[in-house]
Amino acid sequence: MMESIITYDTEHCLICGSPVVVEHHAISGTSGRKLADEDCLTIPLCPRHHNMDSRESVHLNPTIAKWSKIVGQLAYEKKIVSEGHTEAEARELFRRRYGKSYL
């Protein structure tokens, strides 16, 4: 079972609610995927929304891909703020860790 700070419900697709899910890393790329694992930035998606439908899948639709990264960054920043940092500090920590801001 995946661990996620993005959603508590890791057993249903975050987009459509389907109970058939695969783990998607909100931040991708070789180093991004590893960091996303460490930071629990995973999103449960059904196969259609993961990589099976060119119009609605995170791997084939640039708008949905951008949404994934934004959701991941917001979850990361929320966690950092909850640990006592300011929003500006959280944004900078994300930039340093992931190499850019998606916001």
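The values are calculated or read from the model by the stated rules, or taken from the named source; none is laboratory data. For clarity, every value in this text was computed on a predicted model and none was experimentally measured. FYI the Cβ positions are ideal-geometry reconstructions off the backbone, even for glycines, and counts take in every protein chain you see. Side chains are part of the model used for accessible areas, which takes the heavy atoms of the whole protein and leaves out ligands, DNA and RNA. Shrake-Rupley method; radii C 1.70, N 1.55, O 1.52, S 1.80 Å.
At-a-glance table
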quantity	calculated
Checklist (1) open to solvent by 70 Å² or more (accessible area, probe 1.4 Å); (2) more than 14 Å from the chain's Cα centre (by Cα); (3) at pLDDT below 95 applied to Val21, failing item	(1)
Residue that is in contact with an Asp or Glu (Cβ under 9 Å, 6 or more places away or on another chain), of a type in the set (A, V, I, L, M, F, W, C) and in a helix (DSSP H, G or I), where the choices are Leu74, Leu60, Leu93	Leu93
Every residue from region 51-76 that is within 12 Å of the chain's Cα centre (by Cα) and either open to solvent by less than 70 Å² (accessible area, probe 1.4 Å) or of a type in the set (Val, Ile, Thr) (or both)	Val58, Ile64, Ala65, Ser68, Lys69, Ile70, Val71, Gly72, Gln73, Ala75, Tyr76
Filter result (of a type in the set (S, T, N, Q) and farther than 19 Å from Tyr102 by Cα) within region 24-56	Asn51, Ser54
Selected residue (criterion: modelled with the highest pLDDT) from residues of region 41-53 that are part of a helix (DSSP H, G or I) and out of contact with any strand residue (DSSP E or B) (no Cβ under 9 Å at 6 or more places or on another chain)	Arg48
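Okay, residues lined up against (1) farther than 17 Å from Leu74 by Cβ; (2) under 12 Å from the mean Cα position of the chain (by Cα); (3) at pLDDT 95 or above:
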| residue | (1), (2), (3) |
| --- | --- |
| Met1 | yes, no, no |
| His12 | yes, no, yes |
| Gly32 | no, yes, no |
| Asp39 | no, yes, yes |
